[in-house]
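Report on one structure; see the data block that follows.
The values are calculated or read from the model by the stated rules, or taken from the named source; none is laboratory data. Remember, predicted model here, so these are calculated numbers, not experimental data. Cβ sites come from the backbone with ideal geometry, for glycine too, and all protein chains shown count toward neighbours. Only protein heavy atoms, including side chains, enter the accessible area calculation; ligands, DNA and RNA are left aside. Shrake-Rupley method; radii C 1.70, N 1.55, O 1.52, S 1.80 Å.
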Amino acid sequence: MTVVATGVGRAFGGVQALRDASFAARPGEIHALAGENGAGKSTLIKVLCGAIRADTGTVTVEGRIATAFQELSLLPDLTVAENLLLAAPPRGRLGLVRRGRLADEAALVLSRYGATGVDPRSPARDLAVSQKQVVELVRVLAMEPDVVFLDEPTAALAEREVDWLAGHMRRLRDAGACVIFTSHRWREIERLADRVTVFRNGTDVATRERLTEEEAITLMTGRTLGATYPDISGIVPGENALTVSGLTSGRLREVSFELRRGEILGVGGLAGQGQRDLFLTLFGAGKPTAGGLSAGGSRARAVRQPRDAIRAGIAYVPEDRKAEGLLLHLSIRDNVALATLARRSRAGFIRQRAEKAAVSGIAAKLDIGAGRSTAQAAGTLSGGNQQKAVMARWLLTDADVFLLYDVTRGVDAATKHDIYHLIADLARDGKAILFYSSETEEIAGLCHRVLVLREGRIVSELRGPVGDAETIVAASIREPADA
Ligand SMILES: Nc1ncnc2c1ncn2[C@@H]1O[C@H](COP(=O)(O)OP(=O)(O)OP(=O)(O)O)[C@@H](O)[C@H]1O
Ligand SMILES: [Mg+2]
């Protein structure tokens, strides 16, 4: 074994993140760590790679270690090249860093690992989330490590990039490295992992070569989940909430559709076909070159900037929930209440008790921090729980239209389940929902209707419930009849 932890304990203040946890991985294997949000996966990785110390127990790791942490660690003001080569920049004879060569060198490294489409000269700040993650991963790969820790490496990646990473993980494994990763997507674990260790409440509960998703969920949660997707057949869409006509913006080409109250409308298609531009533009954050949109049925108003969108009752739960930012030193409650605060204080007063009740309600519903008090600092939450807190913030605004962009990323199976039901409840309350997910299955399972995008156009409209992801994928690649 190259990686061995025995009887490890680690506490943060009063929180016992790991208790008597043991773990072992060998060279030439891909080993997955599974478990609910807050189970202790990231803490274990930090202990194993030496980023933090264990309070008790022993840890042995042999070989050169490289780690991609769950929280991205790129420095936003530095360029991609600077971020990539920070550890070992090209130096001149006097040992000075040769800035002029940095970009060329970085371009070489990026292409060696097949990471095309990232400009080494651009500041990290300007990259899309997925690109940031790719740079982070290239930095890890370039160390040619013996032991690799990848904490939620795919949570910010598109499907194509997941395939790219999978290729590298296998290559490292086949070359004898020990690859350890975490993921909340069972399909990835199934596809990649030689063995899986399941964590629950800070300790390992099983290590297996074979495990079904159902068994895994039972091990992770101690319970079995009911039907994955809520039954939405009884929810009948009502009046128009959003009208989009001939919208052309970024990658979008002449997109027209209507979204009705009580409707969950899916946006499908292969990755990068304009889904992101659609959501941004609907929130007033993209600049349409043609067409436009209006929100509200009878008293429709045009949306040209985010301010219009918010006034028109549109809430956008974006992809980059990290940059979107929790204020980590503020309490969970204050963070969740942030979006509603502006709204309520505009009305002249803040209804503190109502707010507290609303926040506690949603925190319980999404199981943010496993029943911990919402008075605790947001920075003490696990990665997935921080995401849930940002999501809760937007769900609390009493918007009419919810733009939900990949909201289940990095969220554990049980909470995903809760989120699906929460979305159905919103629809039942007459909210209009536009739903995109990088997991096509979710779109198939949850939506009344699905618009399939290709090269920025709607190429197909599927009436739901679609049921299986294959139907959407088939529609994404089929030639449209009238093109
Ligand atoms: N710096 C910290 N201060 C206080 N508590 C912390 C800190 N870091 C982690 N914890 C707590 O330790 C527990 C384990 O967290 P950890 O981040 O290891 O979970 P995880 O399994 O990686 O979850 P996720 O799937 O959400 O990433 C959680 O209860 C978390 O809130
Ligand atoms: Mg984690």
Task: Test item: Cα-centred dipole of the chain, Lys/Arg +1 and Asp/Glu -1 on Cβ, debye - done: 1520 debye
Open item on the list: Using Stokes-Einstein with the Kirkwood hydrodynamic radius over Cα pairs, what translational diffusion coefficient do you get for the range 145-245 at 10 °C and a viscosity of 1.306 mPa s, in µm²/s rounded to a whole number?
Closed with: 96 µm²/s
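Please work out the ratio of the alpha-carbon Rg of the chain to 2.2 N^0.38 Å and round it to two decimals.
1.00
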Task: Two-site FRET efficiency, E159 against S373, from Cβ-Cβ distance with R₀ of 41 Å, rounded to 0.05 - done: 0.60
Open item on the list: Between helix 129-141 and the chain, what is the angle of the helix's C-alpha long axis to the longest principal axis, kept within 0 to 90° and rounded to the nearest 10?
Closed with: 10 degrees
TODO: Loop only per DSSP, at most 11 neighbouring Cβ atoms within 10 Å: give me the GluC sites (Glu not before Pro) in the range 179-274, ordered by residue number.
DONE: E209
- [ ] Whole number in Å², please: accessible area per residue of the chain, 1.4 Å probe, ligands, DNA and RNA not counted.
- [x] 44 Å²
Task: Other-chain or far-sequence residues with amide H under 5 Å of R200's (modelled H) - done: V205
TODO: Work out the charge dipole of the range 240-482 with +1 on the Cβ of Lys and Arg and -1 on the Cβ of Asp and Glu about the Cα centre, then indicate which of Y436, V303, G266 is farthest towards its positive end.
DONE: V303
- [ ] Amide H neighbours of R260 under 5 Å, at least 5 residues apart or on other chains, H built in the peptide plane: list them.
- [x] A241
Open item on the list: Between R191 and E455, what is the label-point separation in nm under the 7 Å Cα-to-beta-carbon projection?
Closed with: 2.5 nm
TODO: Report ³J(HN,Hα) in whole Hz for each residue of the range 48-65, in order, from the Karplus equation J = 6.51 cos²θ - 1.76 cosθ + 1.60 where θ = phi - 60°; Gly and Pro get x.
DONE: 5, 8, x, 6, 9, 9, 7, 6, 9, x, 10, 9, 10, 9, 10, x, 7, 9
Open item on the list: With loop defined by DSSP as not H, G, I, E or B, and exposure as at most 14 other Cβ atoms within 10 Å, which is the longest segment of the chain clear of exposed trypsin sites (Lys or Arg not before Pro)?
Closed with: 352-477
Task: Between helix 332-346 and the chain: long-axis angle, C-alpha atoms, 0 to 90°, nearest 10 - done: 30 degrees
- [ ] Evaluate the distance, in nm, between pseudo-label points positioned 7 Å from the Cα of S22 and of H421 along their respective Cα→Cβ axes.
- [x] 3.6 nm
Open item on the list: Which residue, I368, F199, A32, has the largest displacement toward the positive end of the dipole of the chain when charges sit on each Cβ (Lys, Arg +1; Asp, Glu -1)?
Closed with: I368
- [ ] Quantify, in whole percent, the carbon and sulfur part of the accessible surface of the chain (1.4 Å probe; protein heavy atoms only).
- [x] 49 percent
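Taking Cα pairs under 8 Å and at least six residues apart, what relative contact order does the chain come out at, in percent?
16 percent.
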TODO: With only Lys, Arg, Asp and Glu charged, each at its Cβ (+1 for the first two, -1 for the last two), find how big the charge dipole of the range 240-482 is about the Cα centre; round to the nearest 20 debye.
DONE: 1140 debye
TODO: Using only Cα atoms, tell me the angle between helix 99-112 and the longest principal axis of the chain; keep it within 0 to 90° and round to the nearest 10.
DONE: 80 degrees
Task: Cα-only Debye scattering, the range 240-482: base-10 log of I(q)/I(0) at q = 0.11 Å⁻¹ - done: -0.57
Task: Distance between modelled label sites at D126 and M1, nm, 7 Å Cα→Cβ extension - done: 4.8 nm
